[in-house]
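The values are calculated or read from the model by the stated rules, or taken from the named source; none is laboratory data. Since the structure is predicted, the reported quantities are computational estimates derived from the model, not experimental observations. All Cβ positions, even for glycine, are placed from backbone atoms using ideal geometry, and neighbour counts span all protein chains on display.
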Amino acid sequence: MSEKVKRGRPRKADSIISLEEASSVYHVSLLAQTTCVIGILAIAVLAIYEHSFTVPIEVLVGITLFIMAFNNYKLFKRKGMTIVYVIIGLISFIVGIMGYFK
(Lines give C-alpha, C1' and ligand atoms only; values in the text may rest on other atoms or scores of the structure.)
Protein backbone atom coordinates (compact mmCIF):
# COMPACT_ATOMS: atom_id res chain seq x y z
CA MET A 1 0.00 0.00 0.00
CA SER A 2 1.34 3.42 -0.83
CA GLU A 3 2.00 6.12 1.75
CA LYS A 4 -0.77 8.29 0.31
CA VAL A 5 -3.41 5.68 1.02
CA LYS A 6 -2.10 4.97 4.52
CA ARG A 7 -2.11 8.64 5.51
CA GLY A 8 -5.63 9.21 4.23
CA ARG A 9 -8.58 9.72 6.48
CA PRO A 10 -9.93 6.44 7.83
CA ARG A 11 -13.28 5.46 6.34
CA LYS A 12 -16.11 3.93 8.26
CA ALA A 13 -17.46 0.69 6.91
CA ASP A 14 -21.00 2.10 7.03
CA SER A 15 -20.18 4.97 4.68
CA ILE A 16 -19.02 2.68 1.88
CA ILE A 17 -21.77 1.36 -0.38
CA SER A 18 -21.42 -1.16 -3.13
CA LEU A 19 -21.84 -0.41 -6.82
CA GLU A 20 -25.10 -2.36 -6.90
CA GLU A 21 -26.56 -0.29 -4.06
CA ALA A 22 -25.47 2.95 -5.72
CA SER A 23 -26.99 2.00 -9.05
CA SER A 24 -30.28 1.05 -7.39
CA VAL A 25 -30.45 4.50 -5.75
CA TYR A 26 -29.87 6.11 -9.13
CA HIS A 27 -32.52 3.91 -10.76
CA VAL A 28 -35.02 4.93 -8.08
CA SER A 29 -34.22 8.61 -8.52
CA LEU A 30 -34.66 8.39 -12.30
CA LEU A 31 -37.92 6.49 -11.79
CA ALA A 32 -39.11 9.19 -9.37
CA GLN A 33 -38.26 11.89 -11.90
CA THR A 34 -40.14 10.07 -14.65
CA THR A 35 -43.14 9.51 -12.39
CA CYS A 36 -43.24 13.19 -11.45
CA VAL A 37 -43.11 14.27 -15.09
CA ILE A 38 -45.95 11.89 -15.99
CA GLY A 39 -47.91 13.22 -13.00
CA ILE A 40 -47.35 16.80 -14.15
CA LEU A 41 -48.63 15.94 -17.61
CA ALA A 42 -51.71 14.18 -16.22
CA ILE A 43 -52.57 17.02 -13.86
CA ALA A 44 -51.93 19.56 -16.63
CA VAL A 45 -54.66 17.91 -18.70
CA LEU A 46 -57.00 18.24 -15.71
CA ALA A 47 -55.95 21.86 -15.20
CA ILE A 48 -57.24 22.71 -18.68
CA TYR A 49 -60.79 22.04 -17.46
CA GLU A 50 -60.46 22.96 -13.76
CA HIS A 51 -58.12 25.78 -12.79
CA SER A 52 -57.81 24.64 -9.17
CA PHE A 53 -55.30 22.01 -10.33
CA THR A 54 -52.63 24.65 -10.98
CA VAL A 55 -51.47 24.58 -7.33
CA PRO A 56 -50.61 20.83 -7.35
CA ILE A 57 -48.78 21.34 -10.65
CA GLU A 58 -46.58 24.05 -9.14
CA VAL A 59 -45.76 21.90 -6.11
CA LEU A 60 -45.06 18.86 -8.30
CA VAL A 61 -42.83 20.94 -10.59
CA GLY A 62 -40.85 22.04 -7.53
CA ILE A 63 -40.42 18.45 -6.35
CA THR A 64 -39.44 17.37 -9.87
CA LEU A 65 -36.80 20.08 -10.06
CA PHE A 66 -35.33 18.97 -6.72
CA ILE A 67 -35.11 15.40 -8.01
CA MET A 68 -33.56 16.68 -11.25
CA ALA A 69 -30.99 18.63 -9.23
CA PHE A 70 -30.07 15.47 -7.32
CA ASN A 71 -29.78 13.44 -10.53
CA ASN A 72 -27.77 16.19 -12.19
CA TYR A 73 -25.32 16.44 -9.29
CA LYS A 74 -24.87 12.77 -8.39
CA LEU A 75 -25.61 10.81 -11.53
CA PHE A 76 -24.61 13.02 -14.44
CA LYS A 77 -21.84 14.96 -12.60
CA ARG A 78 -22.93 18.31 -14.06
CA LYS A 79 -22.78 20.73 -11.20
CA GLY A 80 -23.48 24.00 -13.04
CA MET A 81 -27.21 23.58 -13.58
CA THR A 82 -27.81 22.00 -10.17
CA ILE A 83 -27.97 25.38 -8.46
CA VAL A 84 -30.41 26.67 -11.07
CA TYR A 85 -32.65 23.61 -10.60
CA VAL A 86 -32.64 24.06 -6.82
CA ILE A 87 -33.43 27.79 -6.99
CA ILE A 88 -36.25 27.41 -9.53
CA GLY A 89 -37.59 24.36 -7.68
CA LEU A 90 -37.63 26.28 -4.40
CA ILE A 91 -39.44 29.21 -6.02
CA SER A 92 -42.00 26.90 -7.65
CA PHE A 93 -42.54 24.97 -4.42
CA ILE A 94 -43.05 28.16 -2.37
CA VAL A 95 -45.43 29.65 -4.96
CA GLY A 96 -47.42 26.41 -4.97
CA ILE A 97 -47.65 26.29 -1.18
CA MET A 98 -48.65 29.97 -1.02
CA GLY A 99 -51.31 29.32 -3.69
CA TYR A 100 -52.72 26.55 -1.55
CA PHE A 101 -53.33 28.91 1.38
CA LYS A 102 -55.05 31.62 -0.69
Within the set of pairs 6+ apart or on separate chains, which have a first residue in segment 69-82 that is exposed (fewer than 13 other Cβ atoms within 10 Å of the Cβ), a second that is outside any loop (DSSP other than H, G, I, E, B), and C-beta atoms under 9 Å apart?
Arg78/Asn72; Lys79/Asn72; Lys79/Tyr73; Gly80/Asn72
Residue in segment 60-95 that is modelled with the highest pLDDT, counting only those that are farther than 22 Å from Ile38 by Cβ and among the hydroxyl-bearing types (Ser, Thr, Tyr)
Thr82
